[in-house]
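Take a look at the structure set out below.
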Amino acid sequence: MPNFDFICHECRVTFEELVPFLPDSRSLPCPRCHQPASMVWLRSPGMKPDPYWSGVYDPGLGATINSNAHKRALLAERGLMEMPAREFTRRAEEAPVSPEPEFLKTEEERREFRETAEKTWNDIKYGNVEVPKLKTVDDIVDAPPAGA
Ligand SMILES: [Zn+2]
């Protein structure tokens with residue numbers, strides 16, 4: 001099993017974990033705050049030339065990677081860039097944090113707001129809810145006129 005990198009959604013800590021190549025391994029509890037942490041692509045897990053080695057399945061990329069050149073080509077194709085763990089952590093720490101909305105007066109209200117926002121975002125991200133399709137200009141132009 002390769003070492004994969006994870007980042008916590010809540011406290012932003014990054015950590016490595018030995019996990020099998022399974023979709024369920026993409027999320028683990030954070031060792032610091034126990035909130036969900038997601039697998040991230042930071043570097044190749046154990047890239048070594050080996051004639052008997054057929055590659056590593058990367059769940060983030062959804063592909064089996066068999067060389068550094070193959071990995072670079074896949075990343076470029078998808079508009080992604082590889083980032084060392086230290087750089088990833090630095091950027092996560094420096095990322096701007098949204099201020100708490102002023103209408104939330106108590107800690108209880110702020111906690112409830114954060115939990116609802118996080119649940120909503122996760123539902124959208126993991127496809128648990130259907131996001132309504134926005135109307136485009138074509139939808140409006142092709143629609144028959146009202147009363148026709
Ligand atoms: Zn955490």
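The values are calculated or read from the model by the stated rules, or taken from the named source; none is laboratory data. Computed from a predicted structure; not experimentally measured. All Cβ positions, glycine included, derive from the backbone under ideal geometry; neighbour counts span all protein chains shown.
Numbers at a glance
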{"quantity": "Qualifying residue in the stretch 40-52 (condition: at pLDDT 75 or above and on the phi < 0 side of the Ramachandran plot)", "calculated": "yes"}
{"quantity": "Matching option when the condition is on the phi > 0 side of the Ramachandran plot and at pLDDT 80 or above, among H34, H70", "calculated": "H34"}
{"quantity": "Single match in G60, G79 (criterion: in a loop (DSSP other than H, G, I, E, B), in the same structural domain as N3 (by TED's automatic domain parsing), of a type outside the set (F, W, Y) and modelled with pLDDT of 75 or more)", "calculated": "G79"}
{"quantity": "Members of the stretch 7-31 that are among the hydrophobic types (A, V, I, L, M, F, W, C) and either assigned to a helix (DSSP H, G or I) or at pLDDT 85 or above (or both)", "calculated": "I7, C8, C11, L28, C30"}
{"quantity": "The stretch 102-148, residues that are more than 17 Å from H9 (Cα to Cα), at pLDDT below 85 and surrounded by 10 or more Cβ atoms within 10 Å (Cβ to Cβ)", "calculated": "N128, V129, D139, A143"}
{"quantity": "Residues located in the stretch 77-101, provided they are surrounded by 11 or more Cβ atoms within 10 Å (Cβ to Cβ) and not charged (D, E, K, R)", "calculated": "L80, M83, A85, F88, T89, A92"}
